[in-house]
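Chemist: Below are the structure tokens for one structure; questions will follow.
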Amino acid sequence: MQINGGVRFCEQGMKASIRAMHVQSEILGMINENVTGFDKIGYQRKEPVVSSFSEYIGIHGLSSTIDDQVGRIMVSKNPLDIAMANKGYFQIQTPEGVKLTRDGRFKLDKYGHLLDLQDNYVLSDAGMPIKLPIVPYSVDQVTINSKGKISVYDAHSEKVYEAGNLGIVDSNGLAVLDPQVKQGFNEHSNVVLQNEFLAVKPVVRNFDANRQIFLIESTNLQKVISQLGSVS
């Protein structure tokens, strides 16, 4: 029983090292995803959250949170490209349900519906798909103010028609009263590359340290098994 307990102790040490390396690998994956998303419009970086019990439960003690800071806003000159200078999300009706996104690259179909790039309906503040009362000859005839109010100019009647308001909400689904909508702009990711590169170093060091512990535990276990074999 005493010999068995000693071997189990080494085994637990190896398991702890493997769990730690698994956690560090997942964190590196999040950092890599952030770097990959640097040039993606509307992308928000992921921040790893490590539980204080991760040394016991491994990967199950790791989660992530979304950094909701506003990203880099740049001119696109497309009237249907929309960015927000404040925190908030556009509501998109997808086959899987309502999706929240910061990607404001929209377009119109032949019926005047406002769509995202995947042909999903953009929702109004009433929760309904936005449809222009008339289909404009040019998207330049569509205007969107800072509150998200959409208007379209009819060249024939020389009148301006309202088409509702963009349904802009926070992460809890509550309406954002002052989204500071900017028409003709795109919001690129809020990832800062130098911060991501700096975050890699301690993760790699922790991974290497646990790898060394694993190798030491493995060597000790091999010695114990070898000695047991020679005694028998």
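The values are calculated or read from the model by the stated rules, or taken from the named source; none is laboratory data. Keep in mind that what you see is a predicted model, and the values were worked out from it rather than measured. FYI the Cβ positions are ideal-geometry reconstructions off the backbone, even for glycines, and counts take in every protein chain you see. To get the accessible areas, we keep the full protein, side chains included, count just its heavy atoms, and leave off ligands, DNA and RNA. Shrake-Rupley method; radii C 1.70, N 1.55, O 1.52, S 1.80 Å.
Chemist: ILE150 passes all but one of (1) among the β-branched types (Val, Ile, Thr); (2) open to solvent by 50 Å² or more (accessible area, probe 1.4 Å); (3) over 27 Å from ARG45 (Cβ atoms); (4) modelled with pLDDT of 95 or more; which number fails?
Modeler: Of the numbered conditions (1) among the β-branched types (Val, Ile, Thr); (2) open to solvent by 50 Å² or more (accessible area, probe 1.4 Å); (3) over 27 Å from ARG45 (Cβ atoms); (4) modelled with pLDDT of 95 or more, the odd one out for ILE150 is (2).
Chemist: Further question: Please determine whether any residue of the range 115-125 is under 17 Å from ASN186 (Cβ atoms), modelled with pLDDT of 95 or more, open to solvent by 80 Å² or more (accessible area, probe 1.4 Å) and not aliphatic (A, V, I, L, M).
Modeler: Looking for residues that are under 17 Å from ASN186 (Cβ atoms), modelled with pLDDT of 95 or more, open to solvent by 80 Å² or more (accessible area, probe 1.4 Å) and not aliphatic (A, V, I, L, M), one finds at least one in the range 115-125, hence yes.
Chemist: I've got another one for you. Can you find a residue in the range 37-59 that is open to solvent by less than 20 Å² (accessible area, probe 1.4 Å), under 29 Å from ALA175 (Cβ atoms), assigned to a helix (DSSP H, G or I) and in contact (Cβ under 8 Å) with a residue 60 or more places away in the chain?
Modeler: yes
Chemist: Within the range 192-208, how many residues turn out to be under 15 Å from the mean Cα position of the chain (by Cα) and within 20 Å of VAL50 (Cβ to Cβ)?
Modeler: In the first step, residues of the range 192-208 are kept if they are under 15 Å from the mean Cα position of the chain (by Cα); the result is 192, 196.
This time we only want the ones that are within 20 Å of VAL50 (Cβ to Cβ), so: 196.
The total comes to 1.
Chemist: Go through (1) at pLDDT 95 or above; (2) open to solvent by less than 40 Å² (accessible area, probe 1.4 Å); (3) closer than 21 Å to ASP67 by Cα and name the single condition VAL203 misses.
Modeler: (1)
Chemist: Quick check on my filter: what residues within the range 77-86 are among the charged types (D, E, K, R) and crowded, with 16+ Cβ neighbours inside 10 Å?
Modeler: Initially, the range 77-86 is screened for residues among the charged types (D, E, K, R), giving 77, 81.
Of everything in the range 77-86, just one residue is among the charged types (D, E, K, R) and crowded, with 16+ Cβ neighbours inside 10 Å, namely ASP81.
Chemist: Sticking with this structure for a sec: Which one is nearest to the chain's Cα centre (by Cα), of the residues in the range 82-98 that are among the polar types (S, T, N, Q) and part of a strand (DSSP E or B)? Give the derivation first.
Modeler: Step one: of the range 82-98, the residues among the polar types (S, T, N, Q) are 86, 91, 93-94.
Within this subset, residues satisfying the condition of being part of a strand (DSSP E or B) are 91, 93-94.
On the way: GLN91: 16, GLN93: 18, THR94: 18 Å.
Only one residue fits best here, namely GLN91.
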